[in-house]
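Some notes on the structure that comes next.
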Amino acid sequence: MLVMTKRQDGMEAEVEQYLGVKQVLRALKSGEKVELTGYLQLLLLHPERVLRIAVALDFHGVLDKDVQRSRDLLSRLERYQHTRSDLEIDVFCLSYPGTSREQSTRRFLADYLDSLRVVFTQKRKGPYGKAAYLASQDYTASCLIDDGEDIIDEVNRYRHLKGLLLWHSQPLIGEDLFAWLNSL
């Protein structure tokens, strides 16, 4: 996050904006006053440090919707990781399967996406849900792709978490995910 003081018609106004590193550097070069928080502050104060990033993918309605697209996205993420020495990307399945679907989810992932680690939460939302799990981990920033709008809303309440909603009719391509990664 960035709090930036902007001059408008001779008046100063504090504006809260969420910007990526490139945008922050442009603001600093233009002489604007900035106050950095979160991963941006960490990156600018310790540029040699590698940022630990989580990319979590829901199972039901996301990964299981189209196995080939899921494999393609995982391959793209692996190739992308090789282009960014400043990021360490941990990609995994984050799912709340309930008690009835845990075994079938494990079998499906083992059969079709065997390289993908899986984390099961006790609840969809709340203190034992997906957002709480991501917030409790030691990542600089995290992104969850999920088909549950209520889960994405909860994830987006955290400053260092990003939720991307995948509508049921939408294919898993990942352009929003790569735009988010490029902003880091």
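So the values come out like this:
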{"item": "Lone qualifier among LYS22, LYS6 - being over 20 Å from LEU161 (Cβ atoms), in a helix (DSSP H, G or I) and modelled with pLDDT under 85", "result": "LYS22"}
{"item": "Of all residues in the range 111-131 being within 18 Å of the chain's Cα centre (by Cα) and without any contact (Cβ under 8 Å) to a residue 40 or more places away in the chain, the one that is nearest to VAL91 (Cα to Cα)", "result": "ARG117"}
{"item": "Selection within the range 77-113 - in a loop (DSSP other than H, G, I, E, B) and farther than 23 Å from PHE178 by Cα", "result": "TYR96, PRO97"}
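The values are calculated or read from the model by the stated rules, or taken from the named source; none is laboratory data. Just so you know, these numbers come straight off a predicted model, no measurement behind them. Virtual Cβ from ideal backbone geometry, glycine too; neighbours counted across all protein chains shown.
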